[in-house]
Each structure stands twice: as structure tokens, then as C-alpha cells.
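First comes the structure, then the notes that go with it.
The values are calculated or read from the model by the stated rules, or taken from the named source; none is laboratory data. All values derive from a computational prediction rather than experimental measurement. Every residue, glycine among them, receives a Cβ derived from its backbone with ideal geometry; neighbour counts consider all protein chains shown.
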Amino acid sequence: MPGAPTRAVDVLAGYRARRAQQALFDVRGTRGTGYDEFIDPAGAVRPAWQELADGVGERGFDGLDRLRATVRNLVDDDGITFVHVDHDALTDDAVAEPWRLDGLPLLISTADWDILEAGLVQRSRLLDAVLTDLYSERKSITSGVLPAQLLFAHPAYVRAAHGIEVPGRHQLFLHGCDVSRAADGDFRVNADWTQAPSGAGYALAGRRVTAHAAPDLYERIAPRPASPWAQALRLALIDAAPEAAEEPMVVVLSPGTQSETAFDQAYLANVLGFPLVESADLVVRDGTLWMRSLGTLKRVDVVLRRVDAAYVDPLDLRADSRLGVVGLVEVLRRGAVTVVNTLGSGILESPGLLHFLPKLSEMLVGETPMLSSPQTYWGGVDVERSHLLANLATLLIKSTTGAKTIVGPTLTAAARTELAARITAEPWRWLGQELPQFSSAPTDYYPGGVSAAEVGMRLFTVAQRSGYAPMIGGLGFLPAPGNAAYTLDTVAAKDVWVRTPDRAKAVPTPSVDLPVMTPSPTRAVSSPRVLSDLFWLGRYAERAEQMARLLTVTRERYHEYRYRQDMEESQCVPVLLGAIGSITGTDTGAGDDDHEAIAVAPSTLWSLTADRRRPGSLAQSVERLGLAARGVRDQMSNDTWMVLAAVERAVVHRGDGKWNSAVAPPESQTVGDAYLLTAQSQTLAGMLALSGMAAESMVQDIGWTMMDIGKRIERGLGLTALLRATLTTVRRPGAEQAVAESMLVACESSVIYRRRTLGKVSVTAIADLVLFDEENPRSLVFQLERLRANLKRLPSSSGTSRPERWADEIAATLRRVDLADLETVGSDGRRTELLDLLNRLHADLRELSNLITTAHLSLPTGIQPLWGPDERRMLP
């Protein structure tokens, strides 16, 4: 392409400038320049990166800006988030923030990947041998190779796990390994993750985003696929089931939506096709682990845990845990379930074991690790302790008993003195490690074109019968600036692309050992916890739609009458504000003074739209809709997240992706009006899209039924509350007309009403349309008929259950109403019969919601017996 080389030079100039800047920092004694993944010592682009360099040059600066924006939008559309908790804040308000992903991948040459793959697979085998020994024969202890205190004093050692074995040849099921390249070009392992490794879901999601964001680069470079690893993981989980399981049931155990990597867990469960469960979904009975499913129990054979081992059983492990299942350890001892990674596997993350890994490997398998780690110095050895004490300012100081890592370069002189005294007093508790080194590679994460950034990566393996299968690629990352990088803190992720050995010859998919057993067909989880999230998902989606409609019509009427307050019709503005106040239970300024209500309308409308802390506001409804959806993310399609992301961007996110906490409109009226218009219209469009997907794309199983029940109850509650606030008071003709028309617009029934009545306002005609018309999908009787049908679809339906009987009673109440009576006006100027009817219907719908919650969405209380049937008979 003519001119492309020139543009490439210009675009890549930022990379070379950044590398030169790093060289200056090196001279000043800070972190060195390290290995350059992109440019060789002669200044030429390395062969593995040439095609990417050409592609970047062809894009130019504008193209790179578009790539960055496209990646950000795709991340939002797919709902890829991480949960951030500000521990320095006064509250632990966990917020799901957009995941940060670099648009340019980290490329690995074929030769480098061969080295990494061999070393990674070997390291998994070595750690597996160590794990097997530590929880069985303990030759590493009895031989004197590993000091006993390094095992028994570490909190990740689980005594209750001694003797518990995973079926098959390997005890280490899943292994994550943080790797970076040192200045000499060799790869180093900075950390092993064996407790409950995270990041595989992010790696698979990142590949999806980068392939869609830069299809030309993806096609040109043609990296080896990462998806076969997910299939290997799925089959390995099935194969890990106890021998007695004929059709294994596999679940993914999550700490919940407040977990920092909740998306990672849900996405992986979705890709694997296994239910994502929380502790509330599981129960131990008769020595077996079961999954709750709407009044029934399904036996669970394999658990892929993402909960730390200490929290999985409050009976045998941490008593304060709310993340585990009472009695799970006992079920493991019986061999009735397989939990992977196995309990106690977190001990392999201990820095004390890392120090002795070469000796342990030599003793247990007769091999030396191909991938080395940064040099370590254990305080339990005199010579190493001396080096440790002399170099506190240049090492990572790690605890062999699980305490937080200390970054030596951040210590003051006084802190070093105090730390030295602690090390001298108990030297075996401390270990020093050389600081990790990182190589540099191109990044598009920062504005201004391509720049250089340090990079690392997390690689993954999964156990199979014949060995360990690696993910081809992994999750790359940009380390945080400054000393935070030494503790592997990150600012963004990168996709890792492994080059194909021969472009003319397709790379065969890695062989996967097929299990003898077949998986149990798993439908959507229908435990009370999941059904509750779906019930509230339906309610919040409907609530957001109703509020968007009501805010829109109120805003439009305000602009229509704010300068014409002498007209009778202007009374509709304070009436509508009062209706919103009644529905949300907040003060909207709609008191006795209509002029004052109209004067404060702009700030009121802003707060009701943007303030997520205001009860019933649009922002709060959208936020809680997102939380409910994330609780069942494994059951939601990607299209769902595309819709939700657009709504969240419009309503509750600022431009930087943070949550909007503004409670006052901006000084510019134009800016404020533009925000209100966008937020309200985008929400309405999004909720209509969700409703359409639910009707046309979702399997109408028990989860869908419960979601529709929530929707119908919320629509009935909103309708009765709105009618009560707008139609029960008699007003002058002009005001009555404006209020009625506005109410009908909010109910999405204005068009059909005008066609039937030619615009004449009649309370009887309105009530007939929005309360009693069975053909109007917005009417109350329509909601009740859908509710009754949905309740009959529930597996526990008997025709006479309390929720069913209550729904029948509400329908009977409507049938007994005489339309003419609703026009009756009392001495106080109110339509008393209509008011009484709406009050009763509203209260009855709330009670129906409570009955459904009690009957179908509440978890049983109390701890179940852990013994089996035979043992139970032996009790006195």
C-alpha cells in the first residue's frame, strides 16, 4: 500500500520513544529496559511481529483510536466486567466496572511457544507430584528435603484434606502460571496459581473481542485457537467424576456476584455448559451433595470450585464462611463427589515450596524445572538469611505463613530496621525473592498511538489422563506502573496470540482423551437463589421501562407548560411528579403549590433519572437489573449483555466507565436535557429489546416463567399505583384531559384509546381499557391471566397452592366490579370506588409477590443431618 511504510514509522515512533525513556530510567537506577518483544537489538521489527507492525502502520493514528474505541465498546456490549471494592472507602460498595483490554495482542513465536509449552506442562507435572506427596506419604518431609514448618504453618495447608484423592492419575487438576521474560530473554515463573486459578474465562472472552475488533489482523496473523482448551477442560471435568457416577452432573461453584472475578466464573461456566452455582444452591443430604432445583434435588458429582478451600465447608473448615456447603468435606471423604481443584491445592502457592521446588522435583520425579523462578533466599538458611537482611531494599519479602508480601523498594529506613528485627527473631517465616522482570511490547491501551509497555502473561493447563493440556495462548497483562508491578498488579489485559508453525499447513487440534462416562444433560439451574434473581430481573426490567415512560412524558409536559402555568392543562406536571413520588416513595416537590413543583421539576427529573441512590430512580432500577442479570450470567446470551451495556452506558456510567452518582443537574440546561433524553429513550429501547428477546429467544423453561411472573407483578403494581395517583381525584376539564392523556401515554395505551373514544376523556372508558380489557397486553386483567397461567406451569403447582388461590381471588375481585360505580365521587372530590379498588388491588399484588417469594424463592433453614440412612438408624 503506497505510503504505508512512512505511516508505520510515524505510528511506531511512540514505541521507540518510550523504549528510549525506559533506557534513561535504567541509567538512573530504576526498573531496567528489559527484553524487547517487538524490536531486536539491531532496531528491526522481529519476524513474529512484522505483520502486526504493517497492520498498525496501515491504520495510522486515527485507526488506532478507532481500534481502542471498538475494543471498549465490545467489552461493554459483552458485559465483561471486574468487580472493584474500594477498601479505603467507608463502605464496601462493590461495583462492576468495565474490564480493561488492550487492543493489540501479545505475539508469541512458534519457537518461544515450544519452550513455554514444554516448561509449563512439566511444571504442572512437578507440582502435581508435590501435591500428591504432601497429602499422602509426605516423603518430602520425612526425607528432610522440605522443612515441616513450611508445610504445616501455612494457612493454605488443609489438614482435613489429608487422604482425599481426585479420581484419575493427577491430583492437581487446573494450574495457572504467571510468566514473564527476563532481560536475558529467558522466561521466568513469577507465581503459580493452584488454589482456584482465575483468568481462563477472561482469556477466552478477550480472544473473542480482539478477533472482532481487528478482523484484518486476526486473519493476517492467524493465531492458533484457544477454544480447544475449553473443550479439554469440559471433558476433563466429566472424567473426574467418581466411578459410581453414570451420567455425571458437573457444577461451577462461585462465591457470588460480589466476587472480583465474577464475570470470569460465569463466562467459563457458560462456555463449558455447566451450571454456575453458589453455596445456597447446594446441600448435603445422606452423605451426598445435591443441587436444589425448585423443590427437587439433583445429585452433583463434580464441583469446579472458585471458592478458596478454607471457605468450602463451615462445619469442618472456617465456621464463619457463608460461601461453602455444610458437610462437603465429609462427602469428599466418602468419595461421593469430586471437588477440583482439590482441597489443599493452594499450598502449592506457598513461597516456601517455591524455594525448594528444584530439590522436590529432583527427589519426586527426577527432573529439573525447565522454567526457572526468580532467585529466592530463605531465612532458615544462615547464608541466605545474611543476603536477605543485607538486601531488604531490593527484594520482595514474602511470608512462609501467608502474610502479605512486602515490596522492599517501598520500605523506609525505619521500616527496614523493624523488618530485619522480625526476620532475625523468626528467620524461617521469611523469604526474599529477586524482583520480577518484564519484557516490553507494543500497546494501544494508552491514547496517542502505539507505545511501549511492560508485559506478562498467565498460562493455563488442565489435567488429562495422558498428562496436561495447555491453553494455546493465555491471558496477557500490562503490569501496574511503579512498585505495584512487583506484586503482579495490572492495569489492563492483553490477548496472547501464538503464531502458527506453518501458515500453509493447519495446526491439528490437540488430542483430547474422551471420558468413558457421558455428562448428565443439564438444564438451567432452578434453585431458589437462581429463580429469585430471574424473578427480580423481570421486575427491575419492567420497573425501568415504566419509569422511563413516566419520566419521558413528565419531562415533555414540563417543557410544554413551564411558561404557560395559567392554563388548566399545566396541572398535569405536578400531578405526574406526584405520581412518581407516590410510586418511588420519595419527595418530588409536588405539594400544594403547583408553581413550586414546576420550578423544581428540572432538578427532580434529573435526580429521578441519574441518582442511583434514590429509591425507585431510573438509575437504581437499571443498576439492580444489571446485578440480577449478573447473578444468572451463565444463562444469559451475549445479545442480552449488548442491550444491558447500552442502557448502563446511557444511564449509570459516566464517560470514564465509573458509576454516575450525580444528584444535581449540570449548570448547562442543554447538557442536562440531552442527558435526560438519552438516558430515558435508551432505557426504554433497551427494555423493549430485552422483552423481545425474552419472548422470541429464551427457552420458556421454569426460569423464564419466574422472570415473566416478576414482570407481570411489577406491571400490575405500577399500573395500579399510577392510576391511583392520577385518576382518583376530580379536576377541572382541561386538567383532567391533560392528566388522562399523559397517564395513557405512560401506560402505552393512548393510541388504542383515541381510536375507541375519539379523544373524549372518560374514567369509565379508561378503566375499561387499562383494567378490564383482556385483549390489551397492558391491562391489569391481562397481567392476572398471565400470572395465573404461569403459576400453573410451576412444577409445585397443585391448583390450590396459596399463590394460585390468591391470584384467583384478585381476578375475582376484578370480575365483581361494576364499571359505572367507578365514576362515583365522594364529598372530598375523589372517586371513592375507584380509589378503594386500586388500593385493594395494589395491596393484593404485593401480597401475591410475598406468597410467591415464600413458596418458591426462599431457602430452607436449618442444617441437614450429614449421616447416611444406615447410620441414622444407629442413633439412640
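Under the condition of being surrounded by 15 or more Cβ atoms within 10 Å (Cβ to Cβ) and among the charged types (D, E, K, R), which residue from region 732-755 is nearest to Thr720 (Cα to Cα)? The residue in question is Glu748.
Of all residue pairs spaced 6 or more apart or on separate chains, those with beta-carbon atoms under 6 Å, a first member in region 640-657 that is among the aromatic types (Phe, Trp, Tyr) and a second member that is at pLDDT 60 or above are Trp641/Asp78; Trp641/Gly79.
Scanning region 196-223 for residues that are part of a helix (DSSP H, G or I), under 22 Å from the mean Cα position of the chain (by Cα) and not hydroxyl-bearing (Ser, Thr, Tyr) returns Ala200, Gly201, Ala203, Leu204, Ala205, Gly206, Arg207, Arg208, Val209, Ala211, His212, Ala213. The set of residues in region 289-301 being within 20 Å of Arg529 (Cβ to Cβ) and of a type outside the set (Gly, Ala, Ser) consists of Leu289, Trp290, Met291, Arg292, Leu294, Thr296, Leu297, Lys298, Arg299, Val300. For region 376-398, residues that are under 22 Å from Gly482 (Cα atoms) and either in contact (Cβ under 8 Å) with a residue 60 or more places away in the chain or in contact with a Lys or Arg (Cβ under 7 Å, 6 or more places away or on another chain) (or both) total 3.
Scanning region 572-587 for residues that are in a loop (DSSP other than H, G, I, E, B) and either buried (at least 16 other Cβ atoms within 10 Å of the Cβ) or in contact with a Cys (Cβ under 6 Å, 6 or more places away or on another chain) (or both) gives a single hit, Thr586. Taking the criterion of being more than 17 Å from Thr726 (Cβ to Cβ) and in a loop (DSSP other than H, G, I, E, B), the residues of region 816-825 that qualify are Arg816, Val817, Asp818, Thr824.
Please verify whether Ala725 is over 24 Å from Tyr540 (Cα atoms), outside the structural domain of Ala544 (by TED's automatic domain parsing) and assigned to a helix (DSSP H, G or I), treating the condition exactly as stated. No; evaluated as a whole, the condition is false for this residue. None of Val166, Val179 is at pLDDT 95 or above and within 22 Å of Leu353 (Cα to Cα) except Val179. Ala244 meets all of the listed conditions (1) part of a loop (DSSP other than H, G, I, E, B); (2) touching a strand residue (DSSP E or B) at 6+ places or on another chain (Cβ under 9 Å); (3) among the aliphatic types (A, V, I, L, M) but one, namely (2). Condition (residue is among the basic types (Lys, Arg), part of a loop (DSSP other than H, G, I, E, B) and surrounded by 14 or more Cβ atoms within 10 Å (Cβ to Cβ)) applied to region 130-139: is it met by at least one residue? The answer is yes, given that some residue of region 130-139 is among the basic types (Lys, Arg), part of a loop (DSSP other than H, G, I, E, B) and surrounded by 14 or more Cβ atoms within 10 Å (Cβ to Cβ).
Among the residues of region 154-167, are any part of a loop (DSSP other than H, G, I, E, B), more than 26 Å from Ala485 (Cβ to Cβ) and among the hydroxyl-bearing types (Ser, Thr, Tyr)?
Taking every residue of region 154-167 in turn, at least one turns out to be part of a loop (DSSP other than H, G, I, E, B), more than 26 Å from Ala485 (Cβ to Cβ) and among the hydroxyl-bearing types (Ser, Thr, Tyr).
Take the residues in region 26-72 that are polar (S, T, N, Q) and at pLDDT below 90, then tell me which one is farthest from Ala645 (Cα to Cα). Among those that are polar (S, T, N, Q) and at pLDDT below 90, it is Thr30.
Taking the criterion of being among the polar types (S, T, N, Q) and outside any loop (DSSP other than H, G, I, E, B), the residues of region 479-503 that qualify are Asn483, Thr487, Thr490. Applying a threshold of 8 Å to beta carbon distances and a minimum spacing of six or more residues, or different chains, the list of pairs starting in region 800-828 at a residue that is at negative phi and ending at one that is outside any helix (DSSP H, G or I) and not aliphatic (A, V, I, L, M) reads Glu804/Ser797; Glu804/Ser798; Leu822/Arg831; Glu823/Arg831; Thr824/Arg831; Val825/Arg831. Could you tell me which of the residues Glu569, Glu623 is assigned to a helix (DSSP H, G or I), acidic (Asp, Glu), modelled with pLDDT of 85 or more and more than 26 Å from Glu542 (Cα to Cα)? Among Glu569, Glu623, only Glu569 is assigned to a helix (DSSP H, G or I), acidic (Asp, Glu), modelled with pLDDT of 85 or more and more than 26 Å from Glu542 (Cα to Cα). Considering region 303-324, the residues that are under 25 Å from Ala200 (Cα atoms) and among the aliphatic types (A, V, I, L, M) include one that is surrounded by the fewest Cβ atoms within 10 Å (Cβ to Cβ), namely Ala310.
Within region 354-386, restricting attention to residues that are of a type in the set (A, V, I, L, M) and within 17 Å of Ile397 (Cβ to Cβ), the residue that is surrounded by the most Cβ atoms within 10 Å (Cβ to Cβ) is Leu354.
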